[in-house]
Amino acid sequence: MVVSRAATHEIPGKRQFDIVMSVLILVLVSPVMLTTMTLIWLSTLGRDPVFYRQLRVGHRGREFYILKFRSMRVDAEKSGPQMASVNDARVTRIGRVLRSTRIDELPQLLNVLKGEMSLVGPRPERPEFVSRFQKKINGYALRHQVKPGITGWAQVRYPYGETVEDAANKLYYDLSYIRRNSLWMDILILFQTIPVVLTGHGAR
């Protein structure tokens, strides 16, 4: 699939849309976020952090720290970076609820306000996985031509994947989104994300 040079530029009004919607969503979900913070803190009586920062690759290959509610044990990656799997033993009891409802992703609205992410775009991957996928998947770096998103076309069209083949299949949707990039498509994807969140489809 060919991605035109014009498609790599941010569409008019997208940044303003991201800011307005992120602030609105933060106001609406603030009770949920405060409750989540309290439950995570109580689960370890404050011994473990409530938030989790993880390095990701964003627009034009720039790295940044994504912010999430902690849903795994603090020693989850003592053996090195690894993708989440079905019935992952590293996930905490509270974390299973957070991940199935996508509540753990809500702090990324702050990444959107900082300009590191968009509401809609290819999901940002970790540098270790990006390096691996770029060696095995032709054109994988093309997905970095736009800002990464909290949700995206691949997220609503393809289930969560753990393999290189899954990453290649999701790349098709990411490049399709970049090629057709428009504010109306962002709105469509946001609406299609709602049933994904409500059903827990593809959660790990």
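When the range 95-122 is filtered for residues that are of a type outside the set (S, T, N, Q), out of contact with any strand residue (DSSP E or B) (no Cβ under 9 Å at 6 or more places or on another chain) and modelled with pLDDT under 95, the ones remaining, listed by number, are Arg96, Val97.
For the range 111-164, a tally of residues being open to solvent by less than 30 Å² (accessible area, probe 1.4 Å), in a helix (DSSP H, G or I) and among the charged types (D, E, K, R) returns 1. The set of residues in the range 113-147 being under 13 Å from Phe64 (Cβ atoms) and among the charged types (D, E, K, R) consists of Lys114, Glu116, Glu125, Arg126, Lys147.
Within the bounds of the range 76-83, is there any residue that is open to solvent by 60 Å² or more (accessible area, probe 1.4 Å), over 21 Å from the mean Cα position of the chain (by Cα) and modelled with pLDDT of 85 or more? Among the residues of the range 76-83, not one is open to solvent by 60 Å² or more (accessible area, probe 1.4 Å), over 21 Å from the mean Cα position of the chain (by Cα) and modelled with pLDDT of 85 or more, which makes the answer no.
Restricting to the range 19-75, give me the number of residues that are under 16 Å from the mean Cα position of the chain (by Cα), assigned to a loop (DSSP other than H, G, I, E, B), among the charged types (D, E, K, R) and over 16 Å from Arg96 (Cβ atoms). Summing the residues that are under 16 Å from the mean Cα position of the chain (by Cα), assigned to a loop (DSSP other than H, G, I, E, B), among the charged types (D, E, K, R) and over 16 Å from Arg96 (Cβ atoms) in the range 19-75 gives 1.
With the requirement that a residue be of a type outside the set (S, T, N, Q) and open to solvent by 30 Å² or more (accessible area, probe 1.4 Å), what does the range 30-49 give you? Matches in the range 30-49: Pro31, Val32, Leu34, Met37, Leu39, Trp41, Leu42, Leu45, Gly46, Arg47, Asp48, Pro49. Take Ile137 and decide whether it is within 22 Å of Arg62 (Cα to Cα) and under 14 Å from the mean Cα position of the chain (by Cα). Spelling it out, it is not the case that Ile137 is within 22 Å of Arg62 (Cα to Cα) and under 14 Å from the mean Cα position of the chain (by Cα).
The values are calculated or read from the model by the stated rules, or taken from the named source; none is laboratory data. The model shown is predicted, which means the values in this text are computed figures rather than measured ones. Ideal geometry is used to build each Cβ from the backbone, glycine not excepted, and the neighbour counts take in all protein chains shown. We work out accessible area using only protein heavy atoms, side chains counted, and drop any ligands, DNA or RNA first. Shrake-Rupley method; radii C 1.70, N 1.55, O 1.52, S 1.80 Å.
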